[in-house]
1. With the checklist (1) in contact with a His (Cβ under 6 Å, 6 or more places away or on another chain); (2) open to solvent by less than 40 Å² (accessible area, probe 1.4 Å) in hand, flag the one item Thr274 doesn't pass.
2. Any idea which of Leu304, Leu294, Leu268 is open to solvent by less than 50 Å² (accessible area, probe 1.4 Å), modelled with pLDDT of 95 or more and over 21 Å from Ser148 (Cα atoms)?
3. Restricting attention to the stretch 94-116, report how many residues are closer than 19 Å to Glu72 by Cβ and of a type outside the set (Phe, Trp, Tyr).
4. Please verify whether the stretch 79-96 includes one or more residues that are free of Cβ contacts under 8 Å to residues at least 12 places away in the same chain and open to solvent by 10 Å² or more (accessible area, probe 1.4 Å).
5. For the stretch 246-254, check the following and say yes or no: at least one residue is under 25 Å from Cys136 (Cα atoms), aliphatic (A, V, I, L, M) and touching a Ser or Thr at 6+ places or on another chain (Cβ under 8 Å).
6. Of all residues in the stretch 49-86, which are closer than 20 Å to Gln338 by Cβ, part of a loop (DSSP other than H, G, I, E, B) and not hydrophobic (A, V, I, L, M, F, W, C)?
7. How many residues are in contact with a helix residue (DSSP H, G or I) (Cβ under 6 Å, 6 or more places away or on another chain) and open to solvent by 20 Å² or more (accessible area, probe 1.4 Å) when one looks only at the stretch 9-43?
8. Give the stretch 114-126 a look and list any residue that's in contact with an Asp or Glu (Cβ under 9 Å, 6 or more places away or on another chain) and either under 20 Å from Gly291 (Cβ atoms) or open to solvent by 10 Å² or more (accessible area, probe 1.4 Å) (or both), or say none.
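The values are calculated or read from the model by the stated rules, or taken from the named source; none is laboratory data. Owing to the predicted nature of the structure, the values given are computational and were not obtained by experimental measurement. So basically every Cβ, Gly included, is an ideal-geometry build from the backbone, and we count neighbours across all protein chains shown. All accessible areas refer to the heavy atoms of the entire protein, side chains included, with ligands and DNA or RNA removed. Shrake-Rupley method; radii C 1.70, N 1.55, O 1.52, S 1.80 Å.
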Amino acid sequence: MKALYGQQNSPGEEMTFVFQERENLPATRAHDVKVQVRACALSWVDTKLLSEIQLKKELVPVGREISGVVLEGSVFLYFSGILPLDSEESGVCEVILVHEHYLVHKPDKVCWVEAAGTLRDGLRAYTALHYLGQVCPGRSVLVLDGASPFGTIAIQLAQHRGAKVISTAHSLEDKQYLERLRPAGARVIDVSHGKIDVAESCLEETGGLGVDIVLDAGVRLFSAEDEPAPKSQLLPHKHDIITLLGVGGHWITTEQNLQLDPPDSHSLFLKGATVSFLNDEIWNLSNVKQGKYLDILWYIMDKLSNGIFRPQLDEPIPLYEAKVSMEMVQKNQARKRQVIQF
């Protein structure tokens with residue numbers, strides 16, 4: 001039985017991915033269940049975070065969002081869940097051991113691929129909009145790069161909660177995809193040509209009041225000529241986001257190295273606005289009640305089952321292509337969520 005792992009020989013070096021033969025699984029312990037994985041979503045491995053919290057290993061398990069069938073244990077038959085950050089198990093493996101407290105029931109109407117492929121984006125979107133942004137009916141929400149897997153779920157959740165949604169598109173294809181989303185209603189701003197001022201468009205859309213909640217996909221911290229990556233040119237500058245924020249607004253950022261100068265802080269102070277950081281692993285790193293975490297996973301499965309969440313997924317990938325697909329994910333070259341199907 002093979003499992004996929006990542007390895008990094010030296011700091012700063014690109015991670016490579018290898019299949020390793022596994023020995024037979026040990027006997028199940030209390031609260032452990034033996035599961036047959038039917039689908040596993042691939043997500044970027046944050047080697048810097050693993051190093052900071054002293055979880056860096058020679059071989060890093062790959063694939064943590066899984067769905068499948070319980071073979072041994074006292075929990076429900078069909079499940080979905082996210083393996084903890086310190087798990088020794090790779091989700092890209094046919095049979096693994098998992099603590100039952102990390103799993104929730106998968107509704108019959110939800111397929112294996114959708115269950116695994118929606119978990120992380122659903123968890124992030126719920127954390128951002130419910131806990132950090134406190135979205136409610138009538139509020140305006142700007143979702144940057146709305147055609148990404150995360151942006152898609154965030155738009156759907158915001159609309160389900162009754163918010164008015166504005167989104168940016170990084171290409172004509174993205175714009176067409178967003179305009180086809182149902183229910184329709186999200187205002188789409190195409191920034192692919194660099195001719196549209198996002199701040200000006202948002203202020204115009206909100207009658208000059210500004211946006212209540214901004215959920216970014218990264219921001220430019222410096223001027224255009226100082227930004228090294230071409231992709232960053234599609235991102236708004238931090239000053240643009242501060243400009244388009246309304247009074248009492250919430251800026252939820254995925255930029256972990258955000259730098260705010262005193263004038264930026266003063267502008268936020270005058271608006272009574274807040275900045276929150278969206279950490280993918282917050283539920284693994286904080287001393288939160290496990291029940292709250294599982295409630296979110298139950299919520300995601302329920303919204304999938306009822307057709308409210310419709311994830312942005314690529315075609316299911318066979319196991320023998322997992323290594324190549326994971327390399328694409330690690331290099332941020334995959335626009336849709338990659339899911340391995342067994």
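1. (2)
2. Result of the check over Leu304, Leu294, Leu268: Leu268.
3. Counting residues in the stretch 94-116 that are closer than 19 Å to Glu72 by Cβ and of a type outside the set (Phe, Trp, Tyr) gives 12.
4. As a first pass, look at the stretch 79-96 and keep what is free of Cβ contacts under 8 Å to residues at least 12 places away in the same chain: none.
The answer is no; no qualifying residue exists.
5. Residues of the stretch 246-254 under 25 Å from Cys136 (Cα atoms): 246-254.
When the remaining residues are screened for being aliphatic (A, V, I, L, M), the result is 247, 252.
When the remaining residues are screened for being touching a Ser or Thr at 6+ places or on another chain (Cβ under 8 Å), the result is 252.
Checked the stretch 246-254: at least one residue is under 25 Å from Cys136 (Cα atoms), aliphatic (A, V, I, L, M) and touching a Ser or Thr at 6+ places or on another chain (Cβ under 8 Å).
6. Gly63, Arg64
7. So the answer is 3.
8. If the condition is that a residue be in contact with an Asp or Glu (Cβ under 9 Å, 6 or more places away or on another chain) and either under 20 Å from Gly291 (Cβ atoms) or open to solvent by 10 Å² or more (accessible area, probe 1.4 Å) (or both), then Leu119, Arg120, Leu123, Arg124 are the ones that fit.
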